[in-house]
Amino acid sequence: MLFANSSEELIVDSDMSFEEAIKGTKAPQEIIDSISLIDVYYYSFDDKLHKGQLLVHSTCKNEVIEIFQIIREIKFPVQKAIPIVQYTWSDNKSMQANNSSSFNYRFVANTNRLSLHAYGKAVDINPFQNPVVYADGKISPKGAKYDPKKPGTLRADSRIVKEFEKRGWRWGGKFTSFKDYHHFDKD
């Protein structure tokens, strides 16, 4: 498949219908009705242009599309972006596969509080380059390492971080009790 206005070949990582992307979610209908499936384009670590998809809250849709346009323009590498249904709704499986994602009807780890991912108001980018680092030193996903010098890694001075923050999103790399380097959210 060729990308519009380009002779560059497009590698399709995800091309689901909305119904396929939400299949099996335990989210209530009012949340499902507030979610949009968007196509995002990015260069992956193979230096080739890819198309993926994210399920995001409809109020966040345009901002996420704009940020992924910037991600594509500056060739910030993204491993892949596939709705988390592909990983049987498992955040751990998705992170282990270095999948960038958004909507996942789930609770904040070790709490009974719904995550902003449950509303499509959070986006995770390259979890393997940008892991969660807990206060006790534990890292998730297993085997990941945060090295700000490596491609695909987010830092406080990254253009991607600044673009999210400019639009009112929080970056998990600035959390105080632990660092969630792949995570952005907007309440």
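The values are calculated or read from the model by the stated rules, or taken from the named source; none is laboratory data. All of these numbers come straight from a predicted model, not from anything done at the bench. Cβ sites come from the backbone with ideal geometry, for glycine too, and all protein chains shown count toward neighbours.
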- Task: Being touching a strand residue (DSSP E or B) at 6+ places or on another chain (Cβ under 8 Å), β-branched (Val, Ile, Thr) and in a helix (DSSP H, G or I) is the filter; apply it to the range 68-87 and report the residue that is farthest from Ile160 (Cα to Cα).
- Result: Ile84
- Message: Of all residues being modelled with pLDDT under 95 and of a type in the set (Gly, Ala, Ser) in the range 1-40, which is farthest from Lys121 (Cα to Cα)? Just the residue, please.
- Response: Ser7
- All positions within the range 91-104 that are buried (at least 21 other Cβ atoms within 10 Å of the Cβ) and of a type outside the set (S, T, N, Q): Met95, Phe103
- Task: Within the range 73-93, track down each residue that is under 18 Å from Lys51 (Cβ atoms), under 14 Å from the mean Cα position of the chain (by Cα) and free of Cβ contacts under 8 Å to residues at least 60 places away in the same chain.
- Result: Ile84
- Which residue pairs have Cβ atoms under 7 Å apart, sit 6 or more places apart or on different chains, and have a first residue in the range 106-124 that is in contact (Cβ under 8 Å) with a residue 40 or more places away in the chain and a second that is in a strand (DSSP E or B) and aromatic (Phe, Trp, Tyr)? Ala122/Phe184; Val123/Phe184
